[in-house]
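The values are calculated or read from the model by the stated rules, or taken from the named source; none is laboratory data. Model, not experiment: these values are computed from the prediction. Here the Cβ positions follow ideal geometry from the backbone for every residue, glycine too, while neighbour counts run over all protein chains shown. Ligands, DNA and RNA are excluded from the accessible area calculation, which covers all protein heavy atoms including side chains. Shrake-Rupley method; radii C 1.70, N 1.55, O 1.52, S 1.80 Å.
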Amino acid sequence: MPLSEEELRLLEQMERALVEEDPKFAHTLRGTAFARRSRRRAVLAGAVFLVGIVVLMTGAITEKAWVGIIGFLVMLAAAAVALTSWQGRGNEPAAPRETSHSGFGVVDGGRRHKTRTASSGGSFMERMEERWRRRRETGL
């Protein structure tokens with residue numbers, strides 16, 4: 001049952017109010033739908049890729065080159081769709097950010113994030129070695 005014009009107008013007002021009140025939450029909701037749609041496209045492309053393999057093998061078994069070519073083209077198209085949907089996940093619109101000029105970090109949705117510096121823990125390997133030492137010392 002479709003919504004009436006009044007209901008659509010109220011829904012749009014509520015969405016605008018949500019974006020104004022909590023933009024990070026609204027972005028999270030949008031990002032979740034985008035990720036779900038992207039994942040669905042990738043899974044569908046994988047299934048189509050398998051169909052392309054079957055068509056390609058059918059062409060090879062029946063010794064009909066044109067069937068094999070069609071199967072290869074289907075596989076190629078499915079791989080392209082899967083790759084673009086996978087790469088598209090990282091291209092979600094970024095949440096609004098404010099940078100703090102006082103050097104304390106980045107304010108994002110009301111939370112303060114510190115930027116990692118060399119003195120905050122060293123390199124990745126040094127941190128992993130330190131964790132390993134602690135685990136061995138505590139016996140966990």
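Full extension of the segment from Ala77 to Met128, taken as 0.36 nm per residue of separation minus the current Cα-Cα distance, would add 14.2 nm. Net charge dipole, segment 1-84: roughly 540 debye, given to the nearest 20, about the Cα centre with Cβ charges of +1 for Lys and Arg and -1 for Asp and Glu. Shown are Lys64, Lys24, whose ranking by accessible area with a 1.4 Å probe and every protein chain present, most to least, is Lys64, Lys24. Here each label is just a point 7 Å from Cα along the line to Cβ, and for Arg37 and Glu5 those points are 2.7 nm apart. Put +1 on the Cβ of every Lys and Arg and -1 on every Asp and Glu Cβ in segment 22-79; which of Leu50, Ser38, Val74 then has its Cα farthest towards the positive end of the dipole? So the residue furthest toward the plus end is Ser38.
Computed with a 1.4 Å probe on the full set of protein chains, the accessible area for Ser123 sits at about 60 Å².
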